[in-house]
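Enquirer: Structure in structure tokens, see below.
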Amino acid sequence: MDRIIIKTGDITKEKVCAIVNAANSSLMGGGGVDGAIHRAGGPKILEACEQVRQESYPEGLPTGESVATNAGNLPSNYVIHTVGPIYHQCGEDCSDLLASCYRKSLELAHRLGCKDVAFPAISTGIYGYPKDKAAIIAYEVVSHFLNENKNMQVHFVFHNNSDRDLFIKAIEGVS
Ligand code: AR6
């Protein structure tokens, strides 16, 4: 689909309306893409996350949910924080939870008036989700959403070419 862009790069540099962060339920930052977003975006994002925690999610953001904050110094307008499943903890429920991360982030971006959204490969780093399985879920949810929302565009941003190529190979059978 031509409204899906698959590329290699650093998601913090994406000039889109919203970038998605593979966060953890504390929303207080971490390693991987989460660390990169907070480092590049500066303290305003963390302040907004603290406010979200206090006002809406004192126990933490549940897995599969998404919230939006400002994007601090980043070129995007919003950061949408979502909590992917930890693969070895969720068994059969993992795929639904990962699908929920993509779907709820897209719905939130749409409500914010965004026409383009960039995703990292949620849960495929520290949270251990097999990259090929995660690719198919991500692609299916995004394609379905874009079919219903013709004015939107999605960027899948991979940290390196081998992850990008693995994604392209994994979705060959479903695209
Ligand atoms: N741009 C694009 N992709 C990136 C970037 C970047 N700058 N940096 C890393 N990736 P991970 P998770 C890729 O571990 O598995 C954090 O500590 C990376 O290569 O960031 O959902 C959170 O606080 C991988 O393919 O997220 C949580 O505790 C993908 O992003 C936990 O990690 C996701 O890897 C979340 O783990």
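The values are calculated or read from the model by the stated rules, or taken from the named source; none is laboratory data. Worth saying up front: this structure is predicted, and the values here are computed from it rather than measured. We place every Cβ from the backbone using ideal geometry, glycine too, and count neighbours over all the protein chains shown. Side chains are part of the model used for accessible areas, which takes the heavy atoms of the whole protein and leaves out ligands, DNA and RNA. Shrake-Rupley method; radii C 1.70, N 1.55, O 1.52, S 1.80 Å.
Enquirer: Tally Lys/Arg at +1 and Asp/Glu at -1 over every other residue whose Cβ is under 14 Å from the Cβ of residue 15; what's the total? Provide the component values of the computation, followed by the final result.
Expert: Details: positive: 7, 13, 115; negative: 10, 14, 116.
Around residue 15, the surrounding residues sum to 0.
Enquirer: Per residue, how much accessible area does the chain have with a 1.4 Å probe, in Å²?
Expert: Details: 8460 Å² over 175 residues.
Result: 48 Å² of accessible area for each residue.
Enquirer: Pull out a ≥ b ≥ c, the square roots of the eigenvalues of the alpha-carbon gyration tensor of region 1-96, then state rounded if a/c is under 1.5, prolate if not and a/b is larger than b/c, and oblate in the remaining case.
Expert: On the way: a/c = 1.82, a/b = 1.08, b/c = 1.68.
The shape class here is oblate.
Enquirer: Continuing with the same structure: Do the alpha carbons of any pairs in 104/133; 7/133; 13/104; 44/150; 15/133; 131/169 sit beyond 21 Å of each other, and which pairs?
Expert: Values: 104/133 19 Å; 7/133 19 Å; 13/104 23 Å; 44/150 32 Å; 15/133 28 Å; 131/169 11 Å.
The pairs that break the limit, which is 21 Å between Cα atoms, are 13/104; 44/150; 15/133.
Enquirer: So if I place +1 on the C-beta of Lys and Arg and -1 on the C-beta of Asp and Glu, and nothing else carries charge, what would the dipole magnitude of region 4-171 be about its Cα centre? I want it in debye, nearest 20. Could you put the intermediate results ahead of the total?
Expert: Details: 15 positive and 18 negative charges, 112 e Å.
That gives region 4-171 a dipole magnitude of about 540 debye.
Enquirer: Out of residues 5 or more away from residue 124 or on other chains, whose amide H comes under 5 Å of its own, with H placed 1.01 Å from N in the peptide plane?
Expert: HN-HN under 5 Å from residue 124: 129.
Enquirer: Another question, if that's okay. Let me know the longest stretch in the chain that avoids all GluC sites (Glu not before Pro) found in a DSSP loop with at most 12 other C-beta atoms within 10 Å.
Expert: Values: sites that count: 59, 172.
Counting only loop sites that pass the neighbour cut-off, the longest clear stretch is 60-171.
Enquirer: Restricting things to alpha carbons, find the Rg to Rh ratio for region 4-171 using the Kirkwood radius for Rh. Don't skip to the end; give the middle numbers.
Expert: Details: Rg = 14.4 Å, Rh = 15.6 Å.
Taking Rg over the Kirkwood Rh, I get 0.93.
Enquirer: I've got another one for you. Which ³J(HN,Hα) values, rounded to whole Hz and listed in residue order, are derived for region 24-38 from phi using the Karplus coefficients 6.51, -1.76 and 1.60 in 6.51 cos²θ - 1.76 cosθ + 1.60 with θ = phi - 60°, glycine and proline given as x?
Expert: These are the phi-based 3J(HN,Hα) values: 10, 5, 6, 6, 9, x, x, x, x, 5, 4, x, 5, 5, 5 Hz.
Enquirer: Still on this structure, I have one more. Return the carbon/sulfur percentage of the accessible area of the chain, one whole number, probe 1.4 Å, all protein chains in place.
Expert: Working: 4060 of 8460 Å².
Carbon plus sulfur share of accessible area: 48 percent.
Enquirer: Also, quick follow-up: How big is region 67-137 by Rg and Dmax over its Cα atoms, in Å?
Expert: Rg then Dmax for region 67-137, in Å: 12.9, 39.
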